[in-house]
Every structure is written in structure tokens, then in C-alpha cells.
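Each value in this text was obtained by applying a stated rule to the coordinates, not by laboratory testing. Given the structure is predicted, the values throughout are model-derived calculations rather than measurements. So basically every Cβ, Gly included, is an ideal-geometry build from the backbone, and we count neighbours across all protein chains shown.
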Amino acid sequence: MITLKSSREIDIMARAGRIVAETLALVRSLTKPGVSTEDLDAAAEEFIRSHAGARPSFKGLYGFPKTLCTSINEEIVHGIPSPRRVLREGSVVSVDVGVECDGLHADSATTIPVGEINPAARSLLETTEAALHAGIAAATLGNHVGDIGHAVQQVAEAEGFGVVRELVGHGIGSRFHEEPQVPNYGAPKRGPRLLEGMTIAIEPMITAGAFTTRTLGDRWTVVTTDGSLAAHFEHTVAILAEGPRILTTV
Ligand code: MG
Ligand code: MG
């Protein structure tokens, strides 16, 4: 069932979303060669919990042990922070975080360069972020979920990149994952119609090679099957009469 949120609920989600955005900015400022993903996770958890009534959404969600998902290079999503995962110059790390405030969630992700990265990697990051914003621009009243996926797919495939099929965006609200599913591919005017008060996480996961995935033996980390680089950008967005409102921003 798709739930529509009141303006009061959307404002609470925007409060959670602001903490999410500030957390990602903090993590970006800390990301450099020699830092472990555990270091990033500890700083993020402390920052989130310093806000009254806020808690990390991911910790305990389906049994996930940490505040952040930190996915390095060919890892697409759901990498588990660890003191043994130390960032190296030229890598990229996808950082995904959710925050719950007053029973409502917000969810955002970004892929961060570690030091200097090569032009191909930079192009993947820029294209994935552009694909996210194309998807958000298509999240207007009267459009359908398929219009969002179509917009994302057009931008990514125009650059020759792969669009991950096996993982998708989602509705979000009092539960972290709600209906509808929001694929990063599709056809215009297909799928559920976008209604005022819907809140969705739009999250392109784009690869430099094949779009097929597999899950590592830790049963969390999802990687590209061909070892190609992956990027992940995400915002939580409210569908409003005046247009899409990004909730995970400062
Ligand atoms: Mg996320
Ligand atoms: Mg999400």
C-alpha cells in the first residue's frame, strides 16, 4: 500500500533529512586515504545521536549492524563499515545513511572520491548524480514511477554506463522501505501514478561495466559481477503540487 504523508509529516521527514545531509557532509570532510570505514561510521553515529530524538535508521534494520553502508569501488551497496577497510588514494566510497526522527525516516547516499580519482571514475560519479537529478525532475504530479526510471536510465545509458536492475528505490515514511518500488529503468507512463504527499527514495546505482550483481559471503555487500566500478546517489523526495521537494538537503 502506498501511504500519502501530511505536510506535517513531510516537515518531520525534512528534519530527519537535514541531519542525513549534514551527516554525509561530515563523512565527506573526513574521507581521505588512511581512514577506515569504521572511523566514518563512528563519526556518523555520534553526530546523528547528538540531535535530540534522532537515531540511525540502518542500525538493526533487517539485522544490519552499522549506521552507514560504506561500499568501496566495485561494491555497489550495503558494504559494512570495518576497521580493516582502509580507504586508498584513487578509490571511491559510496556512503548511504538513514535517520529516524519522531517515527519518520529519511534516506540519502553519495559516492565520494578518495583523494584524486581518474577521469573515468569522475565521469561515472558525475553521470550518476546527473541521473539522480533527472529522476527527481521527473517526479511530478501526473507522472508515473516509470517516468522516473526512464529519466535515470536515459542519462546513464547515454554515457555507456550500466543501470543496476536488481536493486531499486522505494517509498519511505514511518517504515524505511515502503511501496512503491522505484526502479532506475522503465518506460514513461508505466507503473503507479505519482500522487501528492508520496515520499520516495530515488537512488540510481550505476556501473562502469555490466549491470549484473552478486552478494558477497558476508550476505550484505552487493558487488558488480565483472568487478567494474559502481556509484550510488540518492535523495528522499516528496511529491508536491508545486513540484518535487528534496528532503535530504540542508
Ligand atoms: Mg539509502
Ligand atoms: Mg534507499
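Report Rg (one decimal) and Dmax (nearest whole number) for the chain, counting Cα atoms only, units Å.
16.8, 48
Out of Ala120, Ala21, Ala210, any idea which swings most in a Gaussian network model of the chain, alpha carbons joined below 10 Å?
Highest fluctuation among the options: Ala120.
Determine the dipole magnitude for the range 61-139: charges of +1 sit on the beta-carbon of Lys and Arg, -1 on that of Asp and Glu, nothing else is charged, the reference point is the Cα centre, and the result goes in debye to the nearest 20. Don't skip to the answer; put the middle values down first.
On the way: 5 positive and 10 negative charges, 60 e Å.
For the range 61-139, the charge dipole is close to 280 debye.
Taking 8 Å as the Cα distance limit and 6 or more residues as the minimum spacing, I'd like the relative contact order of the chain as a percentage. Write down the numbers at each step before the final one.
Working: 672 pairs, mean separation 59.3, N = 250.
It rounds to 24 percent for the chain.
Select from the range 165-227 those GluC sites (Glu not before Pro) which occupy a DSSP coil region and have at most 13 other Cβ atoms within 10 Å, ordered by residue number. Show your work: numbers first, answer last.
On the way: sites: Glu166, Glu178, Glu196; in loops: Glu166, Glu196.
In loop regions of the range 165-227 (DSSP not H, G, I, E or B), the sparsely surrounded GluC sites (Glu not before Pro) are Glu166, Glu196.
How far apart, in nm, are two points set 7 Å out from the Cα along the Cα-to-Cβ line at Arg193 and at Val250?
4.0 nm
When the distances between all Cα atoms of the range 57-205 are binned every 5 Å from zero, what whole-number percent does each bin get?
Bins of 5 Å from zero give 2, 10, 17, 21, 19, 16, 11, 4, 1, 0 percent of pairs.
Could you work out the relative contact order of the range 44-153, using alpha carbon pairs under 8 angstrom and six or more residues apart, expressed as a whole percent? Spell out each step's value before the answer.
Details: 160 pairs, mean separation 20.1, N = 110.
Over the range 44-153, the number comes to 18 percent.
Using a 10 angstrom cutoff on alpha carbons, build the Gaussian network for the chain and name the most mobile of Ser123, Ser91, Ser36.
Ser123
Treating only the Cβ of Lys, Arg, Asp and Glu as charged (+1, +1, -1, -1), what charge dipole size does the range 1-152 show about its Cα centre? Round to the nearest 20 debye. Kindly include the intermediate steps, with their values, before the conclusion.
Details: 14 positive and 19 negative charges, 43 e Å.
So the dipole magnitude of the range 1-152 works out to roughly 200 debye.
Using only alpha carbon pairs under 8 Å that are at least six residues apart, calculate the relative contact order of the range 112-250 and give it in whole percent. Each step should come with its number before you reach the end.
Working: 316 pairs, mean separation 36.5, N = 139.
Once divided by the residue count of the range 112-250, the mean separation gives 26 percent.
Per residue of the chain, what 222 nm ellipticity follows from adding -39500 (n - 2.57) for every DSSP H run with n ≥ 4, rounded to the nearest 500?
Values: 4 runs with 70 residues, N = 250.
The per-residue figure over the chain is -9500 deg cm²/dmol.
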